[in-house]
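Chemist: This is the structure, below, for whatever I ask next.
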Amino acid sequence: MRRLKRLLIIIMIFLFVSCEKKKTNNYENRIIGEWIFEQENPKKENHFYTDFSYSFDENGNCESKPGFFEIKERTEKEERKVIFYGTKTKYKIEDDSLYIMNLIDKKWDACKIVGVNTKKLKLNFENNAILEFSKIEYNENENENFDKIIISRSPCFGSCGINDVEINKEGDVNYSGSSYNLKNGFFKSKIDTNLFNEIEQSLKKTNYLKLEDQYSADWTDDQEVSVTFVKDNKIIKSITDYGRQSPKILRINIEPITYLYQKLKLVENKNVKEFQNINFYRFVKGNQIIDLTRSEVFYLFNLLSNSKSTNKTFKSEYSTIYDNDLLYDLRRIETDGRYFKIYSKNENAITLDLGFNFIEKNELLKRLKIKGKYD
């Protein structure tokens, strides 16, 4: 009888300690929030993609950025494609294990929770790779609202997706794909305004107005991503990132937007103007130039494509000449900032009225510079 009592006491103590341990861990509450990957365990070599973050809520919802991707390799490089499955998924916690639903194979990816507090989250993945995350803390700035965002991706020495996307607060989407995309060409689409609000909210966390205008790696043949924020038809910020050198929190929030076209119902744009096929443009005045980023060019040319033609004469201040070998029927563009006279190769021309002076409104004279050796 004594032995039985002693056994019961031991069992009760074990259950009590176990419950207390689970209660002490309290992972379900402490993991709620947004976490960005910081650094790998220097003692372990692994091959994790380092640009990612997690957010967890109390309802089992998880967002993994930049998202779930699958690469479809082909014999020919031109046929290589990246499939985007999205960012929003589910998670669950069992004991000290975190499970996240993989959107690609619909299976749970598991890792061990090494530790979590108000600032840090440590997860142990396969091969004992311990990854440390920091909690994302930010102060929302009401002045960082934007009406429109444009993101452009350039070619690289490889199979980088080359495309441009423009999204405004009304939910209108303009997409152009050149190479290595699931869709190439010019398309229009719509998104719910709530999704635009989510995009805006996610980018507020980056403090984009305080970021540098340019970030650049010290190597060649990489991709350049440019992003432009517009408010009241004015460019409030443009950022170019060559070789993934901008802050990680910006990169992980920008990349899903460049793949958003894969989740939308695209309608071919059959009213594309010839100049919209060009992704390079600068204002040229003698030996002076005003450079535009690729995203700014896409923004400007989309505005021009919706501008009315006019017979008004104007004094041209800037003239940009294109090579005769250009694949498209475009010879030069003359402008004063508001009126753009666009010449085809046979010197036929059409004048478009933008309705405002693009150079003045965007204070582009601040960028005016003397042509350099490579300009």
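Chemist: When the residues of the range 86-95 are narrowed to those that are of a type outside the set (Gly, Ala, Ser) and open to solvent by less than 60 Å² (accessible area, probe 1.4 Å), which ends up farthest from the chain's Cα centre (by Cα)?
Modeler: Ile93
Chemist: Have a look at Ser152, Ser178 and point out the one that is part of a strand (DSSP E or B) and open to solvent by less than 40 Å² (accessible area, probe 1.4 Å). Break it down into steps so the answer makes sense when it comes.
Modeler: Values: Ser178 fails: open to solvent by less than 40 Å² (accessible area, probe 1.4 Å).
Result: Ser152 is the single residue among Ser152, Ser178 that is part of a strand (DSSP E or B) and open to solvent by less than 40 Å² (accessible area, probe 1.4 Å).
Chemist: Also, I was wondering about something else. Scanning for something closer than 24 Å to Gly337 by Cβ and in a helix (DSSP H, G or I), does the range 251-267 turn up at least one residue?
Modeler: no
Chemist: Test Asn362 against the stated conditions and say whether it is out of contact with any Ser or Thr (no Cβ under 7 Å at 6 or more places or on another chain), over 30 Å from Gly67 (Cβ atoms) and open to solvent by less than 40 Å² (accessible area, probe 1.4 Å).
Modeler: Considered against the rule, which asks whether it is out of contact with any Ser or Thr (no Cβ under 7 Å at 6 or more places or on another chain), over 30 Å from Gly67 (Cβ atoms) and open to solvent by less than 40 Å² (accessible area, probe 1.4 Å), Asn362 comes out as yes.
Chemist: For the structure I just gave you, tell me whether Lys231 is over 25 Å from Glu70 (Cβ atoms), at pLDDT 95 or above and in contact with a Leu (Cβ under 8 Å, 6 or more places away or on another chain).
Modeler: no
Chemist: Is it true that some residue in the range 104-125 is at pLDDT below 95, loosely packed, with under 15 Cβ neighbours inside 10 Å, within 20 Å of the chain's Cα centre (by Cα) and over 21 Å from Leu195 (Cα atoms)?
Modeler: No, every residue in the range 104-125 fails to be at pLDDT below 95, loosely packed, with under 15 Cβ neighbours inside 10 Å, within 20 Å of the chain's Cα centre (by Cα) and over 21 Å from Leu195 (Cα atoms).
Chemist: Give me the pairs: first residue in the range 26-37 and of a type in the set (Ser, Thr, Tyr), second residue assigned to a helix (DSSP H, G or I) and crowded, with 20+ Cβ neighbours inside 10 Å, beta-carbon distance under 9 Å, and six or more apart or on different chains, which are they?
Modeler: Listed by first residue and then by second, the contacts come to nothing, as the list is empty.
Chemist: For the range 235-244, indicate whether the set of residues that are open to solvent by 40 Å² or more (accessible area, probe 1.4 Å), of a type outside the set (Asp, Glu) and in contact (Cβ under 8 Å) with a residue 40 or more places away in the chain is non-empty.
Modeler: Checking the range 235-244: at least one residue is open to solvent by 40 Å² or more (accessible area, probe 1.4 Å), of a type outside the set (Asp, Glu) and in contact (Cβ under 8 Å) with a residue 40 or more places away in the chain.
Chemist: May I pose another question? Name the residue that is surrounded by the most Cβ atoms within 10 Å (Cβ to Cβ), counting only residues in the range 319-343 that are out of contact with any helix residue (DSSP H, G or I) (no Cβ under 9 Å at 6 or more places or on another chain) and among the basic types (Lys, Arg).
Modeler: Step by step, filter the range 319-343, then rank; the result is Lys341.
The values are calculated or read from the model by the stated rules, or taken from the named source; none is laboratory data. Only a predicted model underlies this, so the values are computations on that prediction, with no experimental measurement involved. So basically every Cβ, Gly included, is an ideal-geometry build from the backbone, and we count neighbours across all protein chains shown. With ligands, DNA and RNA removed, areas are computed over all heavy atoms of the protein, side chains included. Shrake-Rupley method; radii C 1.70, N 1.55, O 1.52, S 1.80 Å.
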